Amino acid sequence: MSNWYRHMLQSPETASRIPVWMMRQAGRYLPEYRAIRQQHDFLDMVYTPAIAAEVTCQPIERYGFDAAILFSDILVTAQALGMALRFSDGVGPQFDIPIRTGDDVARLQVVSGWLDPIYETVERVISRVSPQTAVIGFAGAPFTVASYMIEGRSSAQLPHTKRLMMTDTRLFETLLDHITDVTIAYLVGQCRAGVQALQLFDTWIGTLDWPSCERFSAHYIARIVRALREQGCDQPITVFGKQTSVFYPLYEAAGVDVISVDWNGDLGRMDAVLRRGMGLQGNLDPHYLYGSKSQIQARVQAICESVPSHRPFIFNLGHGLMPDIPTDAVQWVVDAVRAYQRPVVTV
Ligand code: 1CP
């Protein structure tokens, strides 16, 4: 049974309607999420399949998004390598013992079975949502996951990460290799559990220059794509990062199916240079959701019009929803995308 997400990726020229979902659609802006979150630690929610499945489905049930992204986090692969992670309110993710030396990297070891609860969440979500809803699995891309493991917490400039990259490139690449291997196994596991699409988050690539992005981000994404294809996973793969609007030629060459674009990019200009068949996703600045209904409608329409009908296009944001986004504004975006009639290409 098909759905708009798959239809768009398989035959964009006949897809009259643009599918829509939003990064961080399951999260604190939703009162029903906060009600559950009050009672549980964030990581307990991630590793309890009944709760994770419930939270994954909340935004689908409220808004009817075309895709359900698994409720989890990008740092579960770091935990699967034995790193102790905690989330504290107001700080976010924290590794109390970050990676700084060769000994730290040598200690990493795959914790067998660690990610199994997440595969169960996938199965529960699939049995709960209608076939109209695509279920998307995801993982953090190696560079961004490594950056949290090295910094120990959220950081704007990634000073320790970039220092290690420069001073001990081999060690940095060994770390990326470990993360890549566990990420491949994790994504294969999600595919076997039934996800219909995959997204890789390389959020912090905007800290890199072009050759570093090629060597430390796109190269590993290409490896992941190749390994998934070799292992029989044919699900479409999307890559997101803040600054894919700059680095997109590197990801096009890496073999992904869809590039999810931050809000800096102009989709029309990207369309003009991307190969035929390469999908786009994005790129509404989520801050528009603080604006009026008419501001939102105008911007949504302009984004939809900027991508011609022969190109696969999934409507999304340029980064995740903020916790104080008004719930009505999310509905206005969904309604505006649904109201847009995509001209069907007649060949
Ligand atoms: O307090 C809470 O309730 C936790 C908030 C929260 C949520 C809802 C975090 C903590 N993670 C998540 C879920 C999450 N994270 C999803 C689930 C599905 C959905 O999108 O609805 C996904 C896909 C992620 C991915 C993720 N986690 C990314 C990549 C996407 C992005 O936003 O750039 C990153 C960087 C993280 C790390 C993370 N997790 C949470 C926080 C606060 C952070 C740090 C962000 C930062 O460093 O600024």
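Calculated accessible area for the chain comes out at 41 Å² per residue, all protein chains present (probe 1.4 Å; ligands, DNA, RNA ignored). Using the alpha-carbon positions of the range 247-347, Rg (one decimal) and Dmax (whole number) come out as 14.0, 45 Å.
How large is the Kirkwood hydrodynamic radius of the range 274-313, counting all unique pairs of alpha carbons, in Å?
Details: mean 1/r = 0.0888 Å⁻¹.
For the range 274-313, the Kirkwood estimate is 11.3 Å.
Expressed as an acute angle from 0 to 90° and rounded to the nearest 10, what is the orientation of the C-alpha long axis of helix 327-339 relative to the principal long axis of the chain? The angle comes out near 50 degrees.
Taking all Cα pairs closer than 8 Å and separated by 6 or more residues, the relative contact order of the range 3-339 comes to 20 percent. Heavy-atom accessible area for Trp332, with the other protein chains in place and a 1.4 Å probe, reaches approximately 70 Å². Can you check what the net charge comes to around Gly189, using other residues whose Cβ is under 12 Å from the Cβ of Gly189 (Lys, Arg +1; Asp, Glu -1)? Neighbour charge sum, excluding Gly189 itself: -2.
Rounded to the nearest 500 deg cm²/dmol, what is the calculated helix-only ellipticity per residue at 222 nm for the chain, with -39500 (n - 2.57) per DSSP H run of length n ≥ 4? Display every interim value, and only then the final one.
Working: 15 runs with 158 residues, N = 347.
For the chain, the value works out to -13500 deg cm²/dmol.
Rounded to the nearest 10 degrees, the angle from helix 244-254 to the longest Cα principal axis of the chain is 80 degrees.
Candidates Gly152, Val258, Val337 compared by Cα position along the dipole of the chain: farthest toward the positive end lies Val337, with charges placed on Cβ. Overall, the accessible surface of the range 1-97 at a probe of 1.4 angstrom is composed of carbon and sulfur to the extent of 49 percent. For the pair Asp234 and Asp116, a Förster radius of 22 Å applied to the C-beta separation gives a FRET efficiency near 0.40, rounded to the nearest 0.05.
Expressed to the nearest 5 percent, the antiparallel share of DSSP beta bridges inside the chain is 15 percent. Over the range 115-191, what is the relative contact order in whole percent, taking alpha-carbon pairs under 8 Å and six or more residues apart? Computed value for the range 115-191: 41 percent relative contact order. The loop-placed trypsin sites (Lys or Arg not before Pro) in the range 20-123, going by DSSP, that have at most 13 neighbouring Cβ atoms within 10 Å of their Cβ come out as Arg107.
One quarter of the convex hull surface built on the alpha carbon atoms of the range 300-347 amounts to 3.8 nm², the projected area averaged over directions. Expressed as an acute angle from 0 to 90° and rounded to the nearest 10, what is the orientation of the C-alpha long axis of helix 219-230 relative to the principal long axis of the chain? Its long axis makes an angle of about 70 degrees. Could you tell me the distance between the Cα centroids of the range 1-35 and the range 191-215, to the nearest Å? When both Cα centres are located, 19 Å separates them. Highest GNM mean-square fluctuation among Ser72, Ser16, Ser127, for the chain modelled with Cα contacts below 10 Å: Ser127.
In the neighborhood of Leu30, defined by Cβ-to-Cβ distances under 13 Å, what is the net charge if each Lys or Arg adds +1 and each Asp or Glu adds -1?
Working: positive: Arg24, Arg28, Arg34, Arg37, Arg62; negative: Glu32, Glu54, Glu61, Asp324, Asp328.
Counting the neighbours of Leu30, the net charge comes to 0.
Rolling a 1.4 Å probe across all protein chains gives Tyr29 an accessible area of roughly 10 Å². Taking the average, over residues, of other Cβ atoms within 10 Å as the packing measure, peptides 231-244, 284-297, 264-277 rank 231-244, 284-297, 264-277 from highest down.
For the chain, the Kirkwood hydrodynamic radius comes to 20.4 Å, computed from all pairs of different C-alpha atoms. Separation of the range 115-181 from the range 69-110 is 9 Å, based on Cα centroids.
The values are calculated or read from the model by the stated rules, or taken from the named source; none is laboratory data. In this text, all values refer to a predicted model and were calculated from it rather than measured experimentally. Please note: Cβ atoms are built from the backbone with ideal geometry, for glycine as well, and neighbour counts cover all protein chains shown. These area figures cover heavy atoms from the full protein model, side chains too; ligands, DNA and RNA do not enter into them. Shrake-Rupley method; radii C 1.70, N 1.55, O 1.52, S 1.80 Å.
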